[in-house]
Amino acid sequence: CPSANDLRPANGTRLCAVLYADNSPYYDQCCAGAALEVPPGSDVPYMPRGWAARASSLVVGTRCELTVWSRRAKGGKSRRFSA
């Protein structure tokens, strides 16, 4: 997985988090497959099409916090992740 300091897409802008579709018990195979990039200041009450219950690993950038909810529209239980 990339380190929290290395979260930058190809255009070089800063990202707050990246969610990955594939995970593995083997560390060198984690953070693989499709990636969902979360730019700073994002407020997304619904996961993009095809991402509901799909994210299996994530990396959160420095000076960022990612909050996720168990139900759509920010309902249910929440959990916060940071670098």
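Relative contact order for the chain: 31 percent, from Cα pairs under 8 Å spaced at least 6 residues apart, divided by residue count. Amide H to amide H distances under 5 Å link CYS31 with SER24, where only residues 5 or more positions off or on other chains count and H is placed in the peptide plane. Charged side chains reduced to their Cβ positions (Lys and Arg at +1, Asp and Glu at -1) give the stretch 17-78 a dipole of some 380 debye around its Cα centre.
Probing with 1.4 Å while keeping every protein chain in the model, the per residue accessible area of the chain equals 71 Å².
Computing log10 I(q)/I(0) by the Debye sum over Cα atoms at q = 0.11, 0.12, 0.18, 0.26 Å⁻¹ directly from the structure and comparing it against [x] -0.25, -0.30, -0.71, -1.66; [y] -0.28, -0.34, -0.78, -1.45; [z] -0.43, -0.49, -0.84, -1.24 singles out [y].
Residues whose amide H falls under 5 Å from that of CYS64, counting only those 5 or more places apart or on a different chain, are ALA83, with hydrogens built in the peptide plane.
Couplings 3J(HN,Hα) of the stretch 40-47, computed from phi: x, x, 5, 9, 10, x, 10, 5 Hz, in residue order, whole Hz [Karplus 6.51 cos²θ - 1.76 cosθ + 1.60, θ = phi - 60°; x for Gly and Pro].
Accessible area of GLU65, 1.4 Å probe, to the nearest 10 Å²? Around 110 Å² of this residue is reachable by solvent.
The values are calculated or read from the model by the stated rules, or taken from the named source; none is laboratory data. Bear in mind that the values here come from a model prediction, so they are computed numbers and not experimental data. Using ideal geometry, Cβ is built from the backbone for each residue, glycine included, and neighbour counts are taken over all protein chains shown. Keep in mind that these areas ignore ligands, DNA and RNA; they rest on the heavy atoms of the full protein, side chains included. Shrake-Rupley method; radii C 1.70, N 1.55, O 1.52, S 1.80 Å.
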